[in-house]
Amino acid sequence: MKILIADDDPQILRALRITLGAQGYDVITAGDGKAAIAAAIEQHPDLYMLDLGMPHLDGIEVITALRGWTTAPILVVSGRTVAADKVDALDAGADDYVTKPFAIEELMARIRALTRRTAAPDAEPVIRFGDVTVDLAARTVVRGEGSAASAVRLTPTEWQMLELLIRNAGRLVTRQTLLTEIWGSQHVADTGYLRLYIAQLRKKLEAQPAAPRHLLTEAGMGYRLVLQSDSTSPDETTSAS
């Protein structure tokens, strides 16, 4: 797999080139936004890792340019910790966001999650997490297995929210995206809807709704469905809010 890393810090570029290269990735580097666009056009990477604070073209401008012609995953790796910066990057078309300084194990987990999604861009007909099985084609949800299995009834709105999270499994889905997709753009400020329906989904699908392992909250930004609970990261707030 070919990864383009764009960052104006040469030490980070060198460290990531060595680390990812040792994992078998073909790494391309760029020191600014214009160089990143040029490398993207020439090399056609399978995944992008972008800093936001780059010269010539900043990360948001690069994301916007890339999304004009590629659907390859974009992982932002930035020192900006303000929620608004993260939301701007995600709304521009980024798929995920890691804050510097980061643990290399977390970074590799995020890359693996994005590459799994690339290998199967459309959600599989049957998705499993915890003891839950969701059949997207049949629009059914079951908890448990064998004789212990029981159907879970979801309201139309709960199903819409779950399906949207499933089709973006492993990625953060912003509050604005959920509100717009489900209730329309006139409700982008009505975050109470999200808290209510996420709480209901957790009651129906999580083993411990007060300590969710799959339907995770990222404070101030949105929600993420984690299919394998051991892939959660330290910055994910698994609250019921």
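Values in this text are rule-based calculations from the coordinates and carry no lab data. Note that the coordinates shown come from a computational prediction; the quantities given were computed from them, not determined experimentally. Glycine gets a Cβ as well: all are built from the backbone with ideal geometry, and neighbour counts include every protein chain shown.
So for Thr177, Thr140, fewest C-beta neighbours within 10 Å to most, what's the order? Can you show the working numbers first?
Details: Thr177 18, Thr140 15.
Result, fewest neighbours first: Thr140, Thr177.
Between Glu145 and His56, the FRET efficiency from the beta-carbon distance, with R0 = 45 Å, is close to 0.25. Close amide H partners of Asp96, meaning residues 5 or more places away or on another chain with modelled amide H under 5 Å apart, are Ile74, Val76. Thr71 to Ala210: extension gain in nm, 0.36 nm per residue of separation minus the Cα-Cα distance? Gain in length upon complete extension: 46.5 nm. Pairs on different chains or at least eight residues apart, Cα atoms closer than 29 Å: how many lysine pairs in the chain fit? Here the count comes out as 7.
For segment 1-133, the relative contact order comes to 19 percent (Cα pairs under 8 Å, sequence separation of at least 6).
Take the Cβ atoms of Tyr193 and Thr115, set R0 to 35 Å, and the FRET efficiency comes out at 0.60.
Roughly how many whole Å is it from the C-alpha centroid of segment 149-185 to that of segment 40-88? Cα centroid of segment 149-185 versus Cα centroid of segment 40-88: 25 Å apart. Legend: ranking of residues Asp131, Asp46 from fewest to most surrounding C-beta atoms inside 10 Å; resulting order Asp131, Asp46.
Where both partners of a DSSP beta bridge lie in the chain, what percent of those bridges are antiparallel, to the nearest 5? In the chain, approximately 55 percent of DSSP beta bridges are antiparallel ones. Between Asp135 and Ala22, full extension at 0.36 nm per residue minus the direct alpha carbon distance yields a gain of 36.9 nm. With R₀ fixed at 25 Å, the C-beta to C-beta distance from Glu42 to Phe102 puts the FRET efficiency at about 0.35. Computed extension gain for Val82 through Ala15, at 0.36 nm per residue and net of the alpha carbon distance, reaches 21.6 nm.
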